[in-house]
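The values are calculated or read from the model by the stated rules, or taken from the named source; none is laboratory data. Since the model is a prediction, treat every value here as computed from it, not as a measurement. All Cβ positions, even for glycine, are placed from backbone atoms using ideal geometry, and neighbour counts span all protein chains on display. When the accessible area is computed, the model is the full protein with side chains, heavy atoms only, and any ligands, DNA or RNA have been set aside. Shrake-Rupley method; radii C 1.70, N 1.55, O 1.52, S 1.80 Å.
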Amino acid sequence: MSNTPKNISIETMITTLGKQAKAAAKVLACATTEQKNKALTIAANALRENMDALLKANALDVSSVKKAGKADSFVDRLELNPERVEGMAVALEDIAKLADPVGRVLAEFDRPNGLKITRVATPIGVIGMIYESRPNVGADAGALCLKSGNTVILRGGSESLNSTRIIVECMATGLRAAGLPANCIQLVDTDDRSAVAALLRCADYVDLVIPRGGRGLVELVRNEAQVPTLLHLDGNNHIYVDKDADFAKALSIIKNAKLRRTGVCGATESLVLDQAIATEFLPQLVDTLEGCEIRGDVAAQACDPRINAATDVDWDTEYLDAIISVKIVQSLDEALDFIEEHSSKHTDAIITENAEIAEKFMRSVDSAVVMHNASTQFADGGEFGMGAEIGIATGKVHARGPVGLEQLTIFKYRVAGQGQTRP
């Protein structure tokens, strides 16, 4: 059931939000760093002060998805608790502490005719943020857009609508206290799915759309968007365990990469293992990943009877659950070919003590993030020192990997003359 008033069409709603965002963007572009930081700090305190209301709203969301029979991993992404709300507040405060990306001088040069040319970082403008399930994304996206001088229209998943309303209200409290328009951060307050398509067509007012969710959402955006997009594909992430890997290190990394939080996009979904160590390593892996289903090829199954048979579908699946696939390979080159074919280009890692092999892997794997001897769950803007992230961009235009403050700016050229005319 939609929450949109019957006498207002979805197209009209989105157009109105777009106009308001465009008007607010003109004000925000000229806001001082102090204003933006004040808005973020007060919004963080508002999240703490309204924690009870937020948790009650979230409980309604969680109850609804549980009744709908959603998987535990889905519920985990949606569910808030005091620790997670505090984490949202701290993320806002961390973003306030970061350097303001707007106005950075990216390059400057003088021309022989006396012209002084400067390339300066500027806000993109109005951003449409489409995401699923996790309500904290609304807080992170709102904060990052605010600090980078962009207004944002949030279209969260219908399953988190009650939670997101409270979060946006808290952000508005900070904006008003800092003398900035509350329309800098707006919510598409409806569960009508046609709102996504309408936002993708709002080319007159929206400068960039960022989708953050499953493959279905991203493909919808890619196929229907009439505005520029910054795509965030699913995280079908791989770890390659080389024959020169330290077993204890490898087992610890894989356990964290798979099981720390199975429902995040940085979780490892597929393990690629050198045949030379498979017989010795896999039984230890099965013991380490207690409670995790392991699906492997014929060679992997031969190493331990507790490994179930994998199908071709498994190699391309982002489980977001306690399941991992295992592929045995003969060489690094075979591992690279397998990862090239099946990776979603999000995050892939190698575990090895061989520096030469690690370097070849890092150079060869064409993913947004590549890692050596580290858990793929570090693929996160906060862990990269960005304060938070609006998503992991897997494309190759404008931004790639965790998208933080700097990636949410574009630039303009400022040219200063003393009356020059072109001959």
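Express in nm, to one decimal, how much length is gained between D204 and F411 on full extension, taking 0.36 nm for each residue of separation and deducting their alpha carbon distance.
Separation in residues times 0.36 nm, less the Cα-Cα distance, equals 72.5 nm.
Using a probe radius of 1.4 Å on heavy atoms only, what accessible surface per residue do you get for the stretch 149-207? Whole Å² is fine.
On a per-residue basis, 30 Å².
Once the piece of chain linking A29 and R260 is laid out straight, how much longer is it, given 0.36 nm per residue of separation minus the C-alpha distance between them?
79.2 nm
For the stretch 56-108, what number results from the quotient of the Cα radius of gyration and 2.2 N^0.38 Å?
The reported ratio for this selection is 1.82.
Can you tell me which of G381, G103, G235 moves the most in a GNM of the chain? Springs connect C-alpha atoms under 10 Å apart.
Looking only at G381, G103, G235, the biggest GNM fluctuation is shown by G103.
In whole angstrom, how far apart do the alpha carbon centroids of the stretch 73-121 and the stretch 332-349 sit?
30
Determine, from the Cβ-Cβ distance of E108 and V397 and an R0 of 25 Å, the FRET efficiency 1/(1 + (r/R0)^6), rounded to the nearest 0.05.
0.50
Would you rank H342, H398, H372 by solvent-accessible area, highest first, keeping every protein chain in place and using a 1.4 Å probe?
I get H398, H372, H342, largest accessible area first.
By how many nm would the segment from V298 to H372 grow when fully extended, if each residue of separation counts as 0.36 nm and the alpha-carbon distance is taken off?
23.9 nm
Of the residues K412, K26, K116, which exhibits the maximal mean-square fluctuation in a Gaussian network model of the chain defined by a 10 Å Cα contact cut-off?
Among K412, K26, K116, the largest mean-square fluctuation in the Gaussian network model of the chain belongs to K116.
Please give the calculated 222 nm ellipticity per residue for the chain, where each DSSP H segment of at least 4 residues contributes -39500 (n - 2.57) and the sum is spread over every residue; nearest 500 deg cm²/dmol?
-13000 deg cm²/dmol
Can you compute 3J(HN,Hα) from phi for each residue in the stretch 334-349, using the Karplus curve 6.51 cos²θ - 1.76 cosθ + 1.60 with θ = phi - 60°, rounded to whole Hz and x for Gly and Pro?
Along the stretch 334-349, the couplings run 5, 4, 5, 5, 5, 5, 4, 6, 10, 5, 8, 6, 8, 8, 9, 9 Hz.
I want to check the label-to-label distance for T311 and R48. Put each point 7 Å from Cα in the C-beta direction and report it in nm to one decimal.
5.1
Calculate the length of the line joining the C-alpha centroid of the stretch 217-249 to that of the stretch 22-60, in whole Å.
A separation of 30 Å, based on Cα centres.
Where both partners of a DSSP beta bridge lie in the chain, what percent of those bridges are antiparallel, to the nearest 5?
30
Which of C30, C170, C145 moves most in a GNM of the chain, Cα contacts under 10 Å?
In this elastic network of the chain, the residue with the biggest mean-square fluctuation among C30, C170, C145 is C30.
I'd like the Karplus ³J(HN,Hα) series for the stretch 164-180: coefficients 6.51, -1.76, 1.60, θ = phi - 60°, whole numbers in Hz, and an x wherever there's a Gly or Pro.
Computed from phi, the couplings for the stretch 164-180 are 5, 4, 5, 4, 5, 4, 5, 5, 5, 4, x, 4, 5, 5, 8, x, 10 Hz.
Can you work out the Karplus-derived ³J(HN,Hα) for every residue in the stretch 128-140? Use 6.51 cos²θ - 1.76 cosθ + 1.60 with θ = phi - 60°, whole Hz, and x for glycine or proline.
x, 10, 10, 8, 10, 6, 6, x, 5, 4, x, 5, 4
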